[in-house]
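Worksheet for the structure shown next.
The values are calculated or read from the model by the stated rules, or taken from the named source; none is laboratory data. Everything numeric here is computed off the predicted structure, so don't read it as measured data. Methodologically, a virtual Cβ is constructed for each residue, glycine included, from the backbone with ideal geometry; neighbour enumeration extends over all protein chains shown.
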Amino acid sequence: MSLEGMTVLVTGATGFLGGALSRRLANAGARVRALARTPERAAVLRGIPGIDIVYGDVTAPDSLPETVRDCQIVFHVAVSFGSRQLQQAVNVEGTRHIATAAADAGINRLVHVSSIAAYGYAQEGVVTEDTPLATVTHDPYSETKAEGERVLRAVASERGLSYSIIRPGMIYGPKSSMWTERLFRLARLRPTPFIGDGSGATHPIYVDDVIDLLVIAATHPAADGQAFNATPDPASTWRAFIGEYQRLAGHQRWFAIPVSPVRRLVTALAALAPAEHLLKAAPLALDMMLRPSLVFRNAKARQLLGWEPRTDLRTGVERCAPWLRERGLLR
């Protein structure tokens, strides 16, 4: 079912994924309300046909009822990577607030963007949507994304809200600061330093493929009340992912940092770190990065929704090249 003519709200619309989603929806004929906290943050979307900027904040529940009024679909993309307190406010309580406002407004469906981080760092082998979510990981992002899902399910159960949860992997593409700009800055170093030989599994997903799944989940009957991994299946490797950025930079030189001393250092730092410090999660995160067999299955989305990633790594990274040139990072 098309979203053409529907009024949709996008939280986090001024960010990487939310902005790309807002532009896609507007191009497809939807009436997009792009939620922004300030006029400064809204500047990236100002003047785009089909996008109406509305001001509010998921951490301020009183600002939400008017933004949701008369909407058919809500895409909840807003996220925080800041302090534990801020992540709790945005990723957990913000999800509660937008879900409650959506239920009050009687929307058709809320599509919530979670993350594979919600599974935690202790995973190995095959991870499906039935794998239990994280509880204590010492990583506020992992914990708050898992708790945000639980909060959404609780509100939906209590209020009869239709929802779908999407758990993307590492979203890359033009305008991605983490998995495109920063990774390219690493990859253009000659040689490129990395812990080990790069054979550990990694889970990059091109932004357009994530948006495809978000749009399908907004209306598909089989998506109601379900969670879906948005990941490559089978998984890629770090060497393959970084290698595509290296290819753009014109080299393939790799400097493997020995794993054992790094693991010993990380373990020692974690032991000395305060109880709530992010370093407590570092040993598990390192081990997860080095596991060659870890894969997040996307079979559920294929079978129920007919979705699968369409963009291979080489094509996706090549599509990043014009933006990297605009940023002055690639000649």
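For the range 109-131, state whether one or more residues are touching a helix residue (DSSP H, G or I) at 6+ places or on another chain (Cβ under 9 Å), more than 25 Å from Leu294 (Cβ to Cβ), of a type outside the set (Lys, Arg) and without any contact (Cβ under 8 Å) to a residue 60 or more places away in the chain.
yes
Going through Thr137, Thr131 one at a time, which residue ends up being assigned to a loop (DSSP other than H, G, I, E, B) and either aromatic (Phe, Trp, Tyr) or farther than 26 Å from Gln85 by Cβ (or both)?
Thr131 is the lone residue from the list that is assigned to a loop (DSSP other than H, G, I, E, B) and either aromatic (Phe, Trp, Tyr) or farther than 26 Å from Gln85 by Cβ (or both).
Restricting the range 81-106 to residues that are free of Cβ contacts under 8 Å to residues at least 60 places away in the same chain and among the β-branched types (Val, Ile, Thr), which is surrounded by the fewest Cβ atoms within 10 Å (Cβ to Cβ)?
Per the stated criteria, the residue is Thr100.
Counting only residues that are surrounded by 18 or more Cβ atoms within 10 Å (Cβ to Cβ) and of a type in the set (A, V, I, L, M, F, W, C), which one in the range 246-278 is farthest from Pro234 (Cα to Cα)?
That would be Ala270.
Looking only at the range 297-314, filter to residues that are in contact (Cβ under 8 Å) with a residue 12 or more places away in the chain and polar (S, T, N, Q); which one of those is farthest from Gly225 (Cα to Cα)?
Within the range 297-314, the match that is farthest from Gly225 (Cα to Cα) is Thr311.
Do we have any residue at all in the range 228-235 that's in contact (Cβ under 8 Å) with a residue 24 or more places away in the chain, loosely packed, with under 15 Cβ neighbours inside 10 Å and not in a helix (DSSP H, G or I)?
yes
Hey, does the range 69-79 have a residue that's without any contact (Cβ under 8 Å) to a residue 12 or more places away in the chain and not in a loop (DSSP other than H, G, I, E, B)?
No: zero hits.
Quick one: which residue in Pro65, Pro49 is farther than 15 Å from Ile211 by Cα, over 22 Å from the mean Cα position of the chain (by Cα), assigned to a helix (DSSP H, G or I) and at pLDDT 95 or above?
Selected residue: Pro65, the only one of Pro65, Pro49 that is farther than 15 Å from Ile211 by Cα, over 22 Å from the mean Cα position of the chain (by Cα), assigned to a helix (DSSP H, G or I) and at pLDDT 95 or above.
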